[in-house]
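Structure, as C-alpha cells:
The values are calculated or read from the model by the stated rules, or taken from the named source; none is laboratory data. Note that this is a predicted model, so its numbers are computed, not measured. Virtual Cβ from ideal backbone geometry, glycine too; neighbours counted across all protein chains shown. Ligands, DNA and RNA are excluded from the accessible area calculation, which covers all protein heavy atoms including side chains. Shrake-Rupley method; radii C 1.70, N 1.55, O 1.52, S 1.80 Å.
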Amino acid sequence: MTAPLHEKSAGEATATVDGAPDAPGTPGGTPAKAIEGRSPWQIAWTRLKRDKLALAGAFIVVFLVLVAIFAPVIVGLLGHPPDEFHEDQIDPLFGTPIGSWGGVSSDFLFGVEPVNGRDVFSRIVYGARISLLVAFLAAVFAVVLGTILGIIAGYFGGWIDAALSRVMDVMLAFPQLLFTSALVSVLPNQLLGLDGSGVRIAALVLVIGFFGWPYVGRIVRGQTLSLRNREYVEAAQSLGAGRLYILRRELLPNLIAPITVYATLMIPTNILTEAALSFLGAGVKPPTASWGQMLSTAITTYESDPLFMVIPGFAIFITVLAFNLFGDGVRDALDPKGSR
C-alpha cells in the first residue's frame with residue numbers, strides 16, 4: 001500500500017517555516033543555523049548595547065580617562081603649563097582677566113585665573129588626573145577590602161558575622177567628611193617616601209576607600225548569605241573541598257556582577273568626596289590642580305569672573321553624570337529584574 005501523503009521517511013525533507021526548508025538534507029534547501037548558547041556576560045553586553053544613555057556615559061568616561069592619561073600631550077598642544085603665571089593677561093587694577101568671558105581666546109581656551117593668570121584649560125585637564133586617580137584607587141581599595149570581609153562574614157556566620165556586621169554599622173555611622181578633613185590636614189609633608197601632593201593623594205585614597213568598604217561589605221555579605229546554601233556549594237562541600245576553595249571558586253565568581261555594579265556607582269561618589277575635601281582645603285596642595293580647589297578659589301572672584309566657577313563646576317557635573325549613567329546601565333544589564 002502507498003504511505004499516507006503526510007508521512008515522510010527519515011531521510012526526506014521535514015516541515016518548513018515560511019516556505020523554506022529548515023533542516024539539513026532537504027533537496028535544494030540550506031542548512032539551519034545552529035543554536036549557540038550565550039554566557040551571562042554576553043547577555044549583559046547585549047542589554048547594555050541597547051541602552052543609549054549608558055553608552056553615552058561610557059563614551060564620556062573613556063574620553064575623560066584618555067584626557068587624564070595624555071594630559072601633558074594635550075596641554076602641550078592646546079594650552080600652557082598649569083603652573084605658569086601670565087600677569088599680562090590680568091588687569092593690574094582689578095586683578096581680573098583682560099577681555100570678555102574670563103579672558104577666553106585662541107591661546108587660552110577656557111580663559112585665565114583671576115589674579116595670577118594661570119591657564120584654566122590646563123588646570124582642568126590636569127585636575128582630571130587627580131579626581132579620577134583618587135576615585136579609581138579608592139574604589140579599588142574599598143571593593144577589595146569590602147569583598148574580603150563581606151564574603152567572610154556571610155560564609156562563616158556566627159560570631160564572625162556578628163563582629164564584622166557591628167564594625168560595618170559603626171563605620172557607616174562615622175562622620176566621614178569631618179574625619180577625613182581633620183586627618184588629611186594634620187599629615188606631614190613627607191611620609192613613606194612621598195612628599196607634598198603625593199602624601200595627600202595617598203591619604204585621600206586610603207581614607208575614602210577605608211570609609212567606603214562597609215557599603216561593599218554589606219552587599220557582598222547579603223549575597224553570600226543567599227549563595228552559601230546553594231546546591232553547587234553543598235556539592236563542593238560533600239566532595240571535600242576546603243573553605244578557601246569554596247570562597248574562591250564557588251562563591252566569588254557569582255559575586256562579580258553585584259561587585260561590578262557597586263564599583264561603577266562608587267566612583268562618582270568618590271569624585272564628589274575628593275572635590276569636597278579639596279574645596280575645604282583638605283585635598284591636594286597648590287599648585288597641584290584640582291577641580292574642588294578651583295571652586296574654592298573662585299568663591300572670592302565669582303562676581304567679577306563667573307566663568308572661572310562655572311568651568312570646574314561643569315567638569316565635576318559632567319564627570320559624575322557620565323559615571324552615574326554608565327553605572328545605571330551596568331546595573332540594569334547585569335540585574336534587569338532588580339531595576340524594575
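The distance between label points at residue 91 and residue 73 comes to 4.0 nm (points 7 Å beyond Cα on the Cα→Cβ vector). Calculated FRET efficiency, residue 83 to residue 310, Cβ-Cβ distance, R0 = 25 Å: about 0.65 to the nearest 0.05. Accessible surface area normalised per residue over the range 240-340 is 47 Å², counting heavy atoms of protein chains with a 1.4 Å rolling probe. The alpha carbons of the range 215-281 stretch over 57, 17, 15 Å along the principal axes, in descending order.
What does the charge add up to near residue 113, with Lys and Arg as +1, Asp and Glu as -1, over the other residues with Cβ less than 12 Å from its Cβ? Net charge around residue 113: -3. When the chymotrypsin sites (Phe, Trp or Tyr not before Pro) in the range 128-190 are filtered for DSSP coil states and for at most 12 other beta-carbon atoms within 10 Å of their beta-carbon, no site remains. Around residue 251, under 11 Å between beta carbons, what's the net of Lys plus Arg minus Asp minus Glu among the other residues? Result for the neighbourhood of residue 251: +4. Applying D = kT/(6 pi eta Rh) to the range 236-340, where Rh is the Kirkwood radius over alpha-carbon pairs, T corresponds to 4 °C and eta to 1.567 mPa s, the Stokes-Einstein value obtained is 77 µm²/s. Model label sites at residue 55 and residue 243, defined 7 Å from Cα along the beta-carbon direction, differ in position by 4.7 nm. Here the Kirkwood formula, the inverse mean of 1/r across different C-alpha pairs, assigns the range 159-288 a hydrodynamic radius of 17.3 Å.
Starting from the range 220-291, pick out the trypsin sites (Lys or Arg not before Pro) whose DSSP state is loop and whose Cβ has at most 14 other Cβ atoms within 10 Å.
On the way: sites: 221, 228, 230, 243, 248, 249; in loops: 228, 230.
Of the trypsin sites (Lys or Arg not before Pro), the ones in loops of the range 220-291 whose Cβ has at most 14 other Cβ atoms within 10 Å are 230.
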